[in-house]
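Report on one structure; see the data block that follows.
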Amino acid sequence: MPAPIPWYQTAVFYELYVRAFRDSNGDGHGDLRGVIERLDYLADLGVDCLWLLPTYPSPLVDDGYDVADYYGVHPDYGTLADFEALIEAAHARGLRVIADLIINHTSDQHPWFQASRRRQDPYTDYYVWSDTDQKYREARIIFLDTETSNWAWDEVRGQYYWHRFYRQQPDLNFDNPAVQEEMFKVVRFWMNRGLDGFRVDAVPYLFEREGTNCENLPETHAYLKRLRALMDAEYPHAILLCEANQWPEDVRAYFGGDPNDPTVPGDEFHMGFHFPVMPRLYMALRRGDRTPVVDILRRTPPIPSNCQWCTFLRNHDELTLEMVTEEERQWMWAEYAPDPRMRLNLGIRRRLAPLLDNDRRKIELLNSLLFTLPGSPILYYGDEIGMGDNIALPDRNGVRTPMQWDSSANAGFSTAARLYAPVIDDPIYGYRRVNVAAQMANPASLLQRMRRFIAAYKDLPALALGDLEFLDHPDRGLLGFRRRYRRQTVLCLHNLTARGIQVQTPDAYDVLANLDWPGGPLTLPPYGYRWLVVR
Ligand code: GLC
């Protein structure tokens, strides 16, 4: 008997920003009870696992990624009881739930930091303090538009503290065993509320060492392996998903096991985001040339058989261009962010539909690649209906606007007079046109296409589990590949260009069109795609 397939290897994920989803109490902020009200929608869409963005108490300098209390829920979102109720209600519908775990840093409002800056034990060494701001100079700055140093001066303590993100997010000192234990406590607390795992935030930066760039250090991996051991021992059903915005060979290390032998099981993260493939999907589409995607996937090392990649088109952050060359970045900015307001740090703060000029063919094409290339797909809330963005809002808030449920006031999101952020209300992406209710009622809508993708994905284990073999078609505008698992072979064809491309195909079943395909020459229309199950 072959070993059972772990659930996360075949799951479809949905990234959900609680503040934006549904306001159940009319205060203008989405909340946990609101998510419960919309679980039937998510179950009907067909996703398997929700990833909740941070819901901890926080001053919200970084929208909750600045945690002020690891054991609570932000009052805007509800209570701990609501959190537990959401997990229970999700489970009752067969949905799993993972949450953000932010271990690298806290808010500067966290009591640990407040005590540390006053040198109050046991918190004196909970953060990374220094008399000089000249240490670890090889570490890059991540929030480039805001910060000029990874050190900030603290008046109270009379020392500098280390921070990889906003200055209001001091990094915890993982060299302190007490900090390491604190995080294990936090993990147990939330796992005992019923979670199915964590998306672990900003993992490459836990430790600092002079003479390095302070990313991906052996000490960081050693700690993460201890975290995994805890999970395996106490919560074997649950997963750890790694957020490491790094090159494939560096992310490979976060799966653990033996880097040279994928048959050795992973002992660090179950899953890891594949950051580098994401911008290359956009590059390939704009250039009408598959090369960037093929090259990065050929360069991606095999991962242990108990692990899985996570792939995505967009998320709650800017579309990051950290994993491309300087020349490619300039080109991506010129192509996809012509207005300087669309740029942020090393990325582009726009949503999927506006990035693709709201061209339905291109939106479907990239989603088709999301579902057919290796890795579990993650959908970002609102992209399933082609929501727009609001570049007038600061930071990444422009891609975090209220979910558009229907054409009633406030898009059916809330009954409040004032919302945490305005609903999108322009003639193209506005809620009167783009909303769930309208697309539910329309069999030809993007939402219905997304439901179809998800359903077909579940019927085709080769897409989740199969190996990958690229077609060597002479036209580089054709991105074609075979996914093969046991006796199933799926031929996936994508036309990245605005012209028709002819492909020779075998006798097959066309899954999405639901018809038999006799084989022979097939002309893919501009930006067309096919999923063919080979006979
Ligand atoms: C991750 C999050 C991002 C956050 C940062 C700092 O990159 O995705 O939203 O700002 O970590 O916690």
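Values in this text are rule-based calculations from the coordinates and carry no lab data. The shown structure was predicted, so the numbers you read here are calculated from the model rather than taken from an experiment. Because the Cβ atoms are built from the backbone with ideal geometry, glycine has one as well, and the counts that use them run over all protein chains shown.
Shape call for segment 334-415 from the C-alpha gyration tensor, a ≥ b ≥ c root eigenvalues: rounded (a/c under 1.5), prolate (a/b greater than b/c) or oblate?
Here segment 334-415 falls in the oblate category.
Starting at the first residue of segment 49-57, write each ³J(HN,Hα) from the Karplus equation 6.51 cos²θ - 1.76 cosθ + 1.60 with θ = phi - 60°, in whole Hz, x for Gly and Pro.
3J(HN,Hα) across segment 49-57, in whole Hz: 9, 8, 10, 8, 5, x, 10, 6, x.
For residue 135, go through the lysines and keep the ones whose alpha-carbon is under 29 Å away, minus same-chain ones fewer than eight residues off.
225
Please give the length that would be gained between residue 330 and residue 226 if that part of the chain were fully extended, namely 0.36 nm times their separation in residues minus their C-alpha to C-alpha distance (nm, one decimal).
Length gained, residue 330 through residue 226: 33.4 nm.
Classify segment 316-467 as rounded, prolate or oblate from the Cα gyration tensor: take a ≥ b ≥ c as the square roots of its eigenvalues, call it rounded if a/c is under 1.5, otherwise prolate when a/b beats b/c and oblate if not.
Here segment 316-467 falls in the oblate category.
Pull out a ≥ b ≥ c, the square roots of the eigenvalues of the alpha-carbon gyration tensor of segment 228-277, then state rounded if a/c is under 1.5, prolate if not and a/b is larger than b/c, and oblate in the remaining case.
It is oblate, given that a/c is not under 1.5 and a/b is not larger than b/c.
Ranked by Cβ crowding within 10 angstrom, fewest neighbours first, how are 428, 142, 102 ordered?
428, 142, 102
If you count the DSSP beta bridges with both ends in the chain, what percent of them are antiparallel, to the nearest 5?
60 percent
Compute the helix-to-body angle for 80-92: its Cα long axis versus the longest principal axis of the chain, expressed 0 to 90° and rounded to tens.
20 degrees
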